[in-house]
């Protein structure tokens, strides 16, 4: 996976300077794990490179990593979904990839 260290440092500094999550609009708080800045890859098939990363609050990133945008339309306030749709459109991404976490369902654990 591609990782642009210079871009990541620069973009984190810009996110901290901005001071808030572009999706929830809540301020970043370094002393609160849920509100710390977290890099979210807009396209899960691409790396942490310019044009594919947005810094959001940790809890926003965790929620999006477990649900499709369609699922989030049911769960999140409309303004949050609109914020992500705008970020995708600006990055030229038509349909974001789903990034399920954990063990795929239907497969047994080793040794079972």
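7 Å from Cα along Cα→Cβ at both residue 13 and residue 34: what's the point-to-point distance in nm?
3.1 nm
Measuring from a point 7 Å past the Cα of residue 5 along Cα-to-C-beta, which residues in region 41-78 have an amide N at less than 18 Å?
Within reach of a label on residue 5: 47-50.
What order do you get for 55-64, 1-10, 32-41, 68-77 when each peptide is scored by the mean count of other beta carbon atoms within 10 Å, highest first?
My ranking of the peptides, most packed first, is 55-64, 32-41, 68-77, 1-10.
FYI, it's all coordinate maths here, none of it is from the lab. As the structure is a computational prediction, the values presented were derived from the model and not from experiment. Don't worry about glycine lacking a Cβ; one is built from the backbone with ideal geometry, like all the others, and counts go over all protein chains shown.
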